[in-house]
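Undergrad: First, the structure itself, so that you have it in front of you.
Taken together, the values in this text are just the output of simple stated rules run on the coordinates, not laboratory data. From a predicted model like this one, the values you see are computed outputs, not experimental measurements. Every residue, glycine as well, gets a Cβ built from its backbone with ideal geometry; the counts of neighbours run over all protein chains shown.
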Ligand SMILES: [Zn+2]
């Protein structure tokens with residue numbers, strides 16, 4: 001075979017063969033598995049529901065002539081052969097949901113990947129490299145913590161041993177569900193970890209920026225960094241009726257003051273891009289007529305600029321030190337900002353341009369499987385708008401035209417990447 005791989009018309013042809021009705025039907029069909037009465041979806045990671053969903057997608061991929069494999073973390077790979085034996089281009093996302101999930105988060109990226117497989121077949125497009133659609137296991141982290149176990153294990157297989165003993169709320173270990181998945185699909189080949197040329201994840205934005213700007217496509221340049229802390233403020237429990245205000249040691253008064261200080265410097269340091277949240281509060285004794293003795297609150301600070309994150313760390317340390325022994329800080333988790341590969345970002349941008357679609361650069365506010373894949377290979381993401389910025393909610397929605405346009409951009413981008421020699 002002697003194809004000319006730098007023929008950009010094949011990328012356009014693949015994009016044109018994206019079938020809007022077929023894509024939207026597949027989204028509707030998957031949303032019936034784990035459907036909630038309110039229009040949302042509740043499909044926990046590796047539940048019998050998710051296994052059913054996986055079975056349907058395996059059959060669909062096989063009908064498209066793809067080979068299907070799995071790995072030690074139950075990730076699934078649907079592979080369309082390339083003409084040369086080179087590392088594949090991977091797309092995909094996850095099909096587990098939050099308990100009050102919508103029908104698009106994760107599922108859209110997987111089903112758009114399937115639509116690309118079908119569109120390439122319909123268009124008769126052959127690519128140099130294989131194309132794989134991946135379903136990454138347990139991205140949401142709502143059944144087993146932490147999230148993104150599948151994609152992080154793909155990049156760093158040593159993490160799996162620790163994940164296997166994690167239990168869900170019913171006491172079932174993650175390892176047991178992995179074994180059950182293997183039993184459910186005994187004939188699947190085993191895929192070795194790693195080995196990828198590029199990864200492109202198409203996802204709903206889950207925020208309001210694209211909708212506010214009236215832009216249908218986001219060229220995602222990276223994922224912002226995060227700091228999680230727990231802060232414990234200590235006072236003294238006393239009678240609410242008998243204790244004069246001037247002698248009180250009210251842990252809530254202290255906690256509210258600390259919260260205000262942190263919010264002020266977070267916004268001052270981070271500007272418009274800062275995201276500061278104090279989402280979880282634990283009060284003792286939590287009684288209407290007793291002065292709080294202990295208040296524990298959480299801090300979630302996010303920003304795309306590592307220098308701002310470092311200045312936040314310093315300001316937080318100074319704030320805590322200033323309050324002395326009554327305020328105690330416990331760091332819970334941190335992740336640096338990730339900047340995607342310029343080469344992959346450029347492919348996404350040129351795909352949008354080739355389709356004549358408006359796009360804008362955007363930084364992801366949420367974590368995605370792409371966060372981990374970015375350590376392995378040239379990675380980028382495409383966002384489509386979320387109506388009202390709503391996600392992790394049954395009301396999650398994106399206009400059909402945007403879902404189709406995102407899939408066309410994905411198809412274009414995947415074909416170009418699949419034809420790269422290096
Ligand atoms: Zn997601």
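Undergrad: What is the chain's relative contact order, in percent, from Cα pairs under 8 angstrom and six or more apart in sequence?
TA: Values: 937 pairs, mean separation 101.8, N = 422.
Relative CO of the chain lands at 24 percent.
Undergrad: Give me the percent of DSSP beta bridges within the chain that run antiparallel, rounded to the nearest 5. Mind showing how you got there, number by number?
TA: Working: 43 of 66 bridges.
Here the antiparallel bridges make up roughly 65 percent for the chain.
Undergrad: Considering the chain as a Gaussian network with a 10 Å cut-off on Cα pairs, which listed residue, 133, 125, 226, attains the greatest mean-square fluctuation?
TA: Of the options given, 125 has the highest mean-square fluctuation.
Undergrad: Helix 107-123 versus the longest principal axis of the chain: what is the Cα-based angle in degrees, 0 to 90, to the nearest 10?
TA: 10
Undergrad: Sticking with this structure for a sec: Sort 410, 297 by Cβ crowding within 10 Å, fewest neighbours at the top.
TA: Numbers: 410 26, 297 21.
By the 10 Å Cβ count, ascending: 297, 410.
Undergrad: If you don't mind, there's one more thing I want to ask. Helix 48-63 against the longest principal axis of the chain: what's the angle in degrees, Cα atoms only, rounded to the nearest 10?
TA: 20
Undergrad: Continuing with this model, one more query. For the ranges 263-273, 239-249, what's the packing order if you count other beta-carbon atoms within 10 Å of each residue, average per peptide, and put the highest first?
TA: On the way: 263-273: 14.7, 239-249: 10.0.
The packing order, highest mean first, is 263-273, 239-249.
Undergrad: Taking the 0 to 90 degree range and rounding to the nearest ten, how far is the long axis of helix 20-31 tilted relative to the main principal axis of the chain, both from C-alpha atoms?
TA: Compared with the principal axis, the helix lies near 50 degrees.
Undergrad: With N denoting the number of residues in the chain, provide Rg(C-alpha) divided by 2.2 N^0.38 Å, to two decimal places. It would help to have the intermediate numbers written out before the result.
TA: On the way: Rg = 23.8 Å, N = 422, 2.2 N^0.38 = 21.9 Å.
Taking N as the residue count of the chain, the ratio is 1.09.
Undergrad: Which ordering of 136, 281 is given by a fewest-first count of other beta-carbon atoms within 10 Å? Numbers along the way, then the final one.
TA: Details: 136 33, 281 13.
Lowest to highest Cβ neighbour count: 281, 136.
Undergrad: Let me ask you something else. What value, in deg cm²/dmol to 500, does the helix sum -39500 (n - 2.57) over DSSP H runs of n ≥ 4 give at 222 nm once divided by the residues of the chain? Write out the running numbers ahead of the final one.
TA: Numbers: 13 runs with 156 residues, N = 422.
Helix-only estimate at 222 nm: -11500 deg cm²/dmol.
Undergrad: Right, next: Considering only 279, 106, 40, give the residue with the highest GNM mean-square fluctuation for the chain, with springs between Cα atoms whenever their separation is below 10 Å.
TA: Ranking 279, 106, 40 by mean-square fluctuation puts 279 first.
Undergrad: Taking the number of other C-beta atoms within 10 Å as the exposure measure, put 152, 93 in order starting with the fewest.
TA: 152, 93
Undergrad: Seen from all sides and averaged, what is the projected area of the convex hull of the Cα atoms in the stretch 225-335, in nm²? Don't skip to the answer; put the middle values down first.
TA: Values: hull surface 27.9 nm².
With every direction weighted equally, the projected area is 7.0 nm².
Undergrad: Among 306, 292, 87, which one shows the highest mean-square fluctuation when the chain is modelled as a Gaussian network with alpha-carbon springs under 10 Å?
TA: Sorting by GNM fluctuation, first place goes to 292.
Undergrad: Taking 60 Å as R0, compute the FRET efficiency from the Cβ-Cβ separation of residue 346 and residue 179 and round it to 0.05. Don't skip to the end; give the middle numbers.
TA: On the way: r = 42 Å, r/R0 = 0.70.
Step by step, r from the Cβ atoms, then E = 0.90.
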